[in-house]
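The values are calculated or read from the model by the stated rules, or taken from the named source; none is laboratory data. For clarity, every value in this text was computed on a predicted model and none was experimentally measured. Every residue, glycine among them, receives a Cβ derived from its backbone with ideal geometry; neighbour counts consider all protein chains shown.
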Amino acid sequence: MTDRESMSDLEGSRAHALPVWKVTRELIRFRPGLFVGNMLAMLLAMVALLIPGLVFREFFDLLSDSAQAGSDIWTLMALLVVTEIARSIGLFGLIKTNVPFFVSTMTLLRKNMLRYILKRPGARALPDSPGEAISRFRNDVFEIPLFALWMNDLIGLLALSGGALFLMVSIAPDVTAVALIPFVLVFLVANAATNRIELYRRKSRKWTGIVVGFIGETFGAVQAVKAAGAEEGVVRYLRGLGDTRRKYALKDRLFNEILQSVFQNAVNLGTGVILVLAGQSMRSGDFTVGEFAMFVFYLDFVADLTAFAGLLVARYRQIGVSVERINRLMEGAPEGALVEHGEVHLHGELPTPPTPELSADDRLERFEARGLSYKFDGTDNGIEDVDLSLRPGSFTVVTGRVGSGKTTLLRVLLGLLPRDRGDILYNGERVEQPSEFCVPPRCAYTSQVPRLFSDSLRDNVLMGMDRTDANIADAMHAAVMERDLSELDDGLDTTVGPKGVKLSGGQIQRTAAARMFLRRPQLYVFDDLSSALDVETEKILWSRMGESGEVTALVVSHRRAAFRRADHILVLESGRVTAEGTLEELLESSEEMRRLWHGDDGAADAEVQAKVSA
């Protein structure tokens, strides 16, 4: 992709990003006391630096017998002491306000990012790789609060430089005006370079995320890499990614360093201008040695202001890239979601997550789908006009061949995929946002490949809930996990590893089932949960589901144990329900069901065949 194409993409994506000034304003409003305190401390520390310039003027004029009456060495020393005390107070104020403001606002941004990412439909992947997401949580978020604090640095430098320029103009306005020309030119150059700065920052961040993501994926697939003997290929590919990242990171850093160097060299130009213009005035006595010393001293602060202003212009564009990247990660969130104010809990005990309580309206009377349809973009795959009705205590199985739409049906029902048309009703009321409604205590879901975290078995089951080990033990018993638990070295404290790698496939599925049982929802939704279980364990699991009371379940399965347990079965073909009824009815009337039944192990079930024949 050419730089011009990259800039075109940049302009298109920026249109949907929250403006940087709005983000900065809301962060300041989030902690106004800390921000104002930081600003006052910065002003005190900066403005106090005006005094040394005046002291230098009087000191050098004193040496050349040009000092004003009343000036002596002790007075000048006293002024320097006062300056140092004022600066120390200001620096102490900065220390007390900088870190709290930075940490609290950075935490707010990360909290809001995570909150809206977790609201995404579960079947919709992040727009970029996990490495890119980590980069945004770390690097992009880091710079936004820093930019807000830099506003106070700018205010302090403006006050200091404004005071310095006032004193300089009052002494020699012509010299001051000419000495500022290099700084104005440098600032204009910096402003003209901002598009290039933005482009290099965007590419640097993009390739950093790609490298981090690839490293993470490689660590998670070490066994596959070793089994394929692909170590050298992986290293070679990583080296290629690293070379590309280094190229853009170098451009980003080099371009910023060149600009910074230009800013700093403007001081030398300004000093040279003063020497040339002030020389004749000093010979005639209109410009003293002390005033020259003061000019040179203050000119350094004017240079700092110019350099810092140029830096802020560049950073404003770079942070615009960061905000756009974050907004992309939070796609679908309201415009102000990133800076929405809320508690960040930086001190004391973290709050216990609220446990959803079952209300009278949440009790399941009927769960229905009418004309439910969804097609994957650009394909004919999906589901079409599916009707479904579940009553309390029912055990409904959805079955069909691979690719028939079973998993898609569950995901659309739960809002993990957006329905194209059709209605979902709970107790006769239309569910507008299934992804937010179909959660505990109303519904609980376990996918084909359940997700476990590299944490203890206990925490993987609790997932933030406040429950006793006795409650967990009951859930483990319902999931037929008690024997496995007794064989683990640390019991519930066993760390399961990334994605549960230390457990077997069946143990992962049953741990996920225990997580559901602990929440006691009105509707259990299982997507082929028993695929990694032996026949006996599966029978025990289904039988135990009803031991603690009435249980309603919607199960995707092709296993006979589930068919026998079911009181209603739906057969899907190419996304449509082609048959439904009890097992006996379907084995008599549906050729597809007979194929699925015999396909389990290639042999007919004599018991059911006898019932069908009777």
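Computed quantities for the displayed model
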item	result
Matching residues in segment 226-256 - criterion: being under 29 Å from the mean Cα position of the chain (by Cα), over 30 Å from residue 309 (Cα atoms) and not polar (S, T, N, Q)	234, 235, 237, 238, 239, 240, 241, 242, 243
Residue count for segment 69-114, restricted to those that are of a type outside the set (Phe, Trp, Tyr), part of a helix (DSSP H, G or I) and without any contact (Cβ under 8 Å) to a residue 60 or more places away in the chain	26
Residue check for residue 134: outside any loop (DSSP other than H, G, I, E, B), closer than 25 Å to residue 93 by Cβ and of a type in the set (Val, Ile, Thr)	no
Some residue of segment 480-495 being under 22 Å from residue 557 (Cβ atoms), in contact (Cβ under 8 Å) with a residue 60 or more places away in the chain and in contact with a Phe, Trp or Tyr (Cβ under 9 Å, 6 or more places away or on another chain)	no
Inter-residue pairs, beta-carbon under 7 Å, first without any contact (Cβ under 8 Å) to a residue 24 or more places away in the chain and in segment 135-164, second assigned to a helix (DSSP H, G or I), 6+ apart	none
Yes/no for residue 396 being outside any loop (DSSP other than H, G, I, E, B), among the hydroxyl-bearing types (Ser, Thr, Tyr) and within 16 Å of residue 524 (Cβ to Cβ)	yes
Segment 527-541 - residue that is not hydrophobic (A, V, I, L, M, F, W, C) and not in a helix (DSSP H, G or I) and, of those, farthest from residue 404 (Cα to Cα)	534
Which numbered condition residue 436 fails, given (1) surrounded by 14 or more Cβ atoms within 10 Å (Cβ to Cβ); (2) outside any loop (DSSP other than H, G, I, E, B); (3) out of contact with any His (no Cβ under 6 Å at 6 or more places or on another chain)	(1)
Residues satisfying the stated conditions in segment 211-236, i.e. in a helix (DSSP H, G or I) and within 18 Å of residue 133 (Cβ to Cβ)	211, 212, 213, 214, 215, 216, 217, 218, 219
Any hit, segment 476-490, residues being modelled with pLDDT under 90, outside any helix (DSSP H, G or I) and polar (S, T, N, Q)	no
Condition check for residue 102: among the aromatic types (Phe, Trp, Tyr) and either more than 30 Å from residue 210 (Cβ to Cβ) or out of contact with any Leu (no Cβ under 7 Å at 6 or more places or on another chain) (or both)	no
Sole exception among (1) buried (at least 20 other Cβ atoms within 10 Å of the Cβ); (2) touching a strand residue (DSSP E or B) at 6+ places or on another chain (Cβ under 9 Å) for residue 450, by number	(2)
Residue 511 being outside the structural domain of residue 396 (by TED's automatic domain parsing), modelled with pLDDT of 90 or more, over 28 Å from residue 389 (Cα atoms) and of a type outside the set (Asp, Glu)	yes
Single unsatisfied condition, residue 325 versus (1) over 18 Å from residue 144 (Cβ atoms); (2) touching a Gly at 6+ places or on another chain (Cβ under 9 Å); (3) of a type outside the set (A, V, I, L, M)	(1)
The one condition in (1) under 23 Å from residue 389 (Cα atoms); (2) touching a Ser or Thr at 6+ places or on another chain (Cβ under 8 Å) that residue 560 fails to fulfil	(2)
Residues within segment 492-514 that are closer than 16 Å to residue 444 by Cβ and either in a strand (DSSP E or B) or small (Gly, Ala, Ser) (or both), tallied	3
Close pairs (6 angstrom Cβ cut-off, 6 or more residues apart or separate chains): in the same structural domain as residue 411 (by TED's automatic domain parsing) in segment 525-553, modelled with pLDDT under 90 and surrounded by fewer than 16 Cβ atoms within 10 Å (Cβ to Cβ) anywhere	527/448; 528/448; 532/505
Segment 549-566: number of residues that are in a loop (DSSP other than H, G, I, E, B) and within 18 Å of residue 369 (Cβ to Cβ)	1
Qualifying residues in segment 320-356 (those that are assigned to a helix (DSSP H, G or I) and of a type in the set (S, T, N, Q)) - the one surrounded by the fewest Cβ atoms within 10 Å (Cβ to Cβ)	327
Answer from 410, 457, 417 - the residue that is in the same structural domain as residue 558 (by TED's automatic domain parsing), crowded, with 21+ Cβ neighbours inside 10 Å and closer than 22 Å to residue 505 by Cα	410
